[in-house]
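What follows draws every value from the coordinates through simple rules; no lab data is involved. This structure is a prediction, so every number in the text was calculated from the model and none was measured. Cβ placement follows ideal geometry from the backbone for every residue including glycine, while neighbour counts extend to all protein chains displayed.
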Ligand SMILES: [Fe+2]
Ligand SMILES: [Fe+2]
């Protein structure tokens, strides 16, 4: 799935809500200077900053209503 | 773990029967003559143990088969006729009992709302699950996870364009992206080893209730019929959408109980992987399919609804048993490991 550099631009899908989708593999440099990487064909980067697996999305952006889901 | 690592494991034994239908299908596979007649199938409960096991036996011929059963039985016309007769009441009961949405988007949007005070199986396991609960859960889920992604691979030749590319990309990830040790089915076998369960394919079918078998039969039903490709895609979208938060709770449960690194890793990996898969399935597979074939909108919604319906039946059974302090299995697990495996500090 990885591309030869320069062969074509890496695609990033940027929806209004939810994570940024970036074609993998990627390396992410965090604020404290540490680097995390993922070899997945596509990674979902958290943009809401609520992920407990930051920088990877863990679906924490989803809405949480007051009550449980109606059956 | 070693056993799984050494190439193709042996075929599973035929499980014990649960009534006249499963007995005659199993008998037929062992070379007896009589298959169940259609009247007997009509009398059986569509979600009951006997019909669900009979269906499971028919479907497994398309996956790994059974020890001592001729591989050619997969295309035995008499057996296929019986399989179709078993599928009809199952599908009809789902259409009447499970259908709640007309449109794929409405059905899928509903899954995006995460209740704060959720009370499903994964909430129970996260909050109060003990080792024996996690072992029972893993044993029943192994009916699917040891062939994870296989029922969905059948839809690939039936898709085109974005839907096909997206589905193939997600399946590639499910199949380890080229690395055998990362195949999700293999990672689940490693989880089972951590929990001191037998990771042999099909081993826990005998202990799994009708509700657990029905969840997997649904995938095979949708996967094997091109006519149900929309429902298969809806089913897959529902699984990928609900998996990530549920996996986080299960990873916590595994950690709290000290189940071991592979057990925790399986669910940690699914938190991240399925956050991605959800996006691809929704944007590329569902949207791509409906762009090509808009008439399948209702079928996709049905696939989502049927999945939620059968998962809820399974949750009801497991939670009712566990809240009563009883085993959720047909036969409780024979081996009793140490009460704590690898206590976490
Ligand atoms: Fe998976
Ligand atoms: Fe997945």
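A few points about this structure:
- Remark: spin-label model distance residue B:43-residue B:63 equals 3.0 nm, labels positioned 7 Å along the Cα→Cβ axis.
- Kirkwood Rh, angstrom, segment B:168-306 [1 / mean 1/r, Cα pairs]: 16.3 Å
- For A:19-25, mean number of other protein chain Cβ atoms within 10 Å: 2
- Under a Gaussian network description of chain B, with springs only between Cα atoms under 10 Å, the residue in B:136, B:291, B:78 that fluctuates furthest is B:78.
- Binning all Cα-Cα separations of segment B:20-97 at 5 Å, short to long from zero, yields these whole-percent fractions: 3, 16, 30, 25, 15, 7, 2, 1.
- Within the listed set B:278, B:293, B:11, the Gaussian network model of chain B (springs between alpha-carbon atoms below 10 Å) gives the highest mean-square fluctuation for B:293.
- Among B:315, B:207, B:32, the largest mean-square fluctuation in a Gaussian network model of chain B, built with springs joining Cα atoms closer than 10 Å, belongs to B:32.
- Tensor-based shape of segment B:99-210 (alpha-carbon gyration tensor, a/c under 1.5 rounded, otherwise prolate or oblate): oblate
- The Cα atoms of chain B give a gyration tensor whose axes a ≥ b ≥ c have a/c under 1.5, which makes the shape rounded.
- In chain B, helical runs assigned H by DSSP with n ≥ 4 each contribute -39500 (n - 2.57); averaged across all residues and rounded to the nearest 500, the mean residue ellipticity at 222 nm is -19500 deg cm²/dmol.
- Added length on full extension, which subtracts the Cα-Cα distance from 0.36 nm per residue, residue B:75 to residue B:32: 13.8 nm
- Cα-based shape type of segment A:19-62, given that a ≥ b ≥ c are square roots of the gyration tensor eigenvalues and the cut on a/c is 1.5: oblate
- If you look at the Cα atoms of the protein assembly as shown, you get an Rg and a Dmax of 21.3, 71 Å.
- Distance between the C-alpha centres of segment B:141-217 and segment B:28-75: 21 Å, rounded to the whole angstrom.
- Segment B:37-154: radius of gyration over Cα atoms, expressed as a fraction of 2.2 N^0.38 Å: 1.36
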